[in-house]
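Comments concern the structure below.
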């Protein structure tokens, strides 16, 4: 953990991928691991997992659209 960092633990992207492969919806995965879809999307982009980033990006945009409506 870095001093001053808001991220105190890591996201296990292998676990996230396993849950996606098992058919778990992205919103449920985010709730299960206690992170937002946006945070998971950013972590996936940093680790060059484009398909996972796109999945959580769609989830984030959908949620933002629902809040705006």
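Observations on the model:
- The residues of the range 1-33 that are loosely packed, with under 10 Cβ neighbours inside 10 Å and either modelled with pLDDT under 90 or at positive phi (or both), listed by number, are 1, 2, 3, 4, 5, 6, 8, 9, 10, 23.
- Within the range 32-57, restricting attention to residues that are touching a residue at least 24 places away in the same chain (Cβ under 8 Å) and more than 10 Å from the chain's Cα centre (by Cα), the residue that is nearest to residue 16 (Cα to Cα) is 49.
- Per-region count, the range 34-52, residues surrounded by 15 or more Cβ atoms within 10 Å (Cβ to Cβ) and assigned to a helix (DSSP H, G or I): 10
The values are calculated or read from the model by the stated rules, or taken from the named source; none is laboratory data. Note that the coordinates shown come from a computational prediction; the quantities given were computed from them, not determined experimentally. Virtual Cβ from ideal backbone geometry, glycine too; neighbours counted across all protein chains shown.
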